[in-house]
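Report on the structure given below.
Every read-out reported here was derived from the displayed coordinates using simple, explicitly stated rules and does not represent laboratory data. Worth saying up front: this structure is predicted, and the values here are computed from it rather than measured. Note: ideal-geometry Cβ built from the backbone for every residue, glycine included; neighbour counts use all protein chains shown.
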Amino acid sequence: MRERIREAALGERDHKFHALLKESVRIHGQLCPGQVLGVRMSLIGLDAIGITDAKGKDRKKLIVYVEMDRCATDAVQSVTGCTIGHRTLKFMDYGKMAATFFNLESGKAVRVARKPGMEGHGIPDFAAIPDEELFSISEVEISLLPEDLPGKPVRACRCTRCGATVLDGREVEAAGETLCKPCFERKDYYRILGQPTQAFQS
């Protein structure tokens, strides 16, 4: 009897995994190992922090941190419903196959990371490997500042040098100036060509 209950539970979990994977693939555009990993990481993380309806009644309780800008992140977004625009998905540019799932109501947070050692051996069947062999799962503590929470900006200021508005405490105070990060670091990801205009003229 106990074995039949276990098999039924595993069957239900397998059905849920494949349904979520199908939806994630539809959004992402293709099936790949990252999709499988991202869906599995999400299921583990959500279950560990007590989130049962991430896109419904629990949607305001959940924040997820992802540590890679790869396919798995699309899967995490698909399963959890968290997005950068809603400020419920936080991108940490670490290049690691890991995500942390944070229940705002209970304060419980769990980081799920792929275990090392599988590189260089082709593409494993990530759907078949047991959770405990594929992932390390750690309970963690997260200190979330008010300016990092979803909702309206808690404050805004103006950069002393470039004049741009900087939201949510992303400014830097240095030598009596209030600066945006590019002005403080004196570098940016882009280079302006010619003189800035009000609108781009084609």
Using 0.36 nm per residue, how much length does the chain from Arg158 to Ile84 gain when fully extended, once their Cα-Cα distance is taken away? 24.3 nm
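Where does each of Tyr190, Tyr65, Tyr94 land when they are ranked from fewest to most other beta-carbon atoms within 10 angstrom?
Ordered from fewest to most neighbouring Cβ atoms within 10 Å, Tyr190, Tyr65, Tyr94 come out as Tyr190, Tyr94, Tyr65.
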Among Gly176, Gly50, Gly163, residue whose mean-square fluctuation peaks in a GNM of the chain (springs only between Cα atoms under 10 Å): Gly176
What is the angle, in °, between the Cα long axis of helix 71-80 and the longest principal axis of the Cα atoms in the chain? Nearest 10 is fine, range 0 to 90. 80
For a 27 Å ceiling on Cα separation, which of these pairs sit above it: Lys22/Lys108; Lys115/Lys181; Lys108/Lys187; Lys115/Lys152; Lys55/Lys108; Lys55/Lys181? Lys22/Lys108; Lys115/Lys181; Lys108/Lys187; Lys115/Lys152; Lys55/Lys181
Calculated from DSSP helices alone, with each H run of at least 4 adding -39500 (n - 2.57) and the total divided by the residues of the chain, [θ]222 nm to the nearest 500 comes to -9500 deg cm²/dmol
Among Ala48, Ala156, Ala99, the residue with the largest mean-square fluctuation in a Gaussian network model of the chain built from Cα contacts under 10 Å is Ala156
Say we join alpha carbon atoms closer than 10 Å with springs in a Gaussian network model of the chain; which of Val25, Val110, Val66 then has the biggest fluctuation? Val25
Relative to the present Cα-Cα distance, how much length would full extension add between Met92 and Val140 at 0.36 nm per residue of separation? 15.7 nm
